[in-house]
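In what follows, a single structure is set out as C-alpha cells and then discussed.
The values are calculated or read from the model by the stated rules, or taken from the named source; none is laboratory data. A quick note: this is a predicted structure, and the numbers were derived from the prediction, not measured. Heads up, the Cβs are rebuilt from the backbone with ideal geometry, glycines too, and the neighbour counts pull from every protein chain shown. These area figures cover heavy atoms from the full protein model, side chains too; ligands, DNA and RNA do not enter into them. Shrake-Rupley method; radii C 1.70, N 1.55, O 1.52, S 1.80 Å.
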Amino acid sequence: STQSTGAVGDTVVEVEPNKSPVAFKVEYPLPLRVVEIALGAQFTLALGHCGILWSWGINNHGQLGHGHIETVTEPAPVDYLGGLQIKHIAAGYWHCLALTEFDVVYAWGWNNKGQLGLTQENAMENIPVALFEEEVEIDKISCGRSHSAFLTKDNSLYLSGWNKYGQCSRDFSEEHFLNNTLSGKPPYASDVVDAVCGPWSTFYVTNSKYSSNK
C-alpha cells in the first residue's frame, strides 16, 4: 500500500502487504528538536523544545489548526498559537488540545460530539480556541477518539465529548456536551491526581484508596 496522506510528511512510503511498517526519518523544513509527539487519524503534532507547535497531515476537520482545511504534507508551525509557549499536547481522532506555560488550554478540530468543550453549534474550529473563561489552571490534558479530559491544578476533572459508552458520564447519554465554555460546567470528579483517555474510555486516579475507571 502507499502512504500519501501527508501524516508522516511529504515522503511517499511503499509498504508491501503483510509486511512490517518501515521506519524512516521525517525531514523538517527548519531545525527542530522535538520534545513531544501526538498522533491523530492521519495527522501529526510535534512540539518543539522552544514551545512552538508544528502540525501536518490530513486536515479535513481543521485539526491542524492552520485556519483552513487543506492537507499539509510537511511540518508547518501553528501560527495561530504564535507567541504562546506550549508545554503539552494531545490529539484525538480529528481534534487537538494544547496546554500553554500559563496553564491555559486551547482546542481545535472537529467538534461534532462536543469533544472541544464547546457546544455542538461549533461543529469545527480550524484555529485554536481558548477554553475556560474563568481563572481555571489546567494541569493535564488527554484525548480519546471523540472525547477529552481536562485535569486542573486543584485536582478537578472535566470531561467533554461523546458519551455513547459512558466515557464521559455515568448516565450513558449519547453526548455529554459542556456549555459554551468549560467553566459553565461543574467538574466530573474531584481529588483526582491523574487522568488519561482511551479511544472509548476514561481512566483516572484519585487520592483515595481506589482508582476509578469510567
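Just a few scattered comments:
- Failed item in (1) among the aromatic types (Phe, Trp, Tyr); (2) touching a Leu at 6+ places or on another chain (Cβ under 7 Å); (3) closer than 24 Å to Phe43 by Cβ, with Tyr158 passing the rest: (3)
- Residue check for Ser156: crowded, with 22+ Cβ neighbours inside 10 Å and of a type in the set (Ser, Thr, Tyr): no
- Residues of segment 85-111 satisfying the condition of being within 15 Å of Trp54 (Cβ to Cβ) and at pLDDT below 95: none
Condition check ((1) touching a Phe, Trp or Tyr at 6+ places or on another chain (Cβ under 6 Å); (2) among the aliphatic types (A, V, I, L, M)) across all residues:
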| residue | (1), (2) |
| --- | --- |
| Ile58 | yes, yes |
| Ile69 | no, yes |
| Val72 | yes, yes |
| Ile86 | no, yes |
| Gly109 | yes, no |
| Asn122 | no, no |
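- Close Cβ contacts (under 6 Å, 6 or more residues apart or on different chains) running from residues in segment 31-43 that are over 9 Å from Gly92 (Cα atoms) to residues that are open to solvent by less than 50 Å² (accessible area, probe 1.4 Å) and hydroxyl-bearing (Ser, Thr, Tyr) comprise Gln42/Thr5.
- Within segment 52-65, the set of residues being open to solvent by 10 Å² or more (accessible area, probe 1.4 Å) and under 21 Å from Val105 (Cβ atoms) comprises Ile52, Trp54, His61.
- Put simply, of His68, His49, His95, His88 the only residue that is within 11 Å of the chain's Cα centre (by Cα) and either over 20 Å from Ser142 (Cβ atoms) or open to solvent by less than 20 Å² (accessible area, probe 1.4 Å) (or both) is His95.
- Of everything listed in (1) touching a Lys or Arg at 6+ places or on another chain (Cβ under 6 Å); (2) open to solvent by less than 50 Å² (accessible area, probe 1.4 Å), the single unmet condition for Gly114 is (1).
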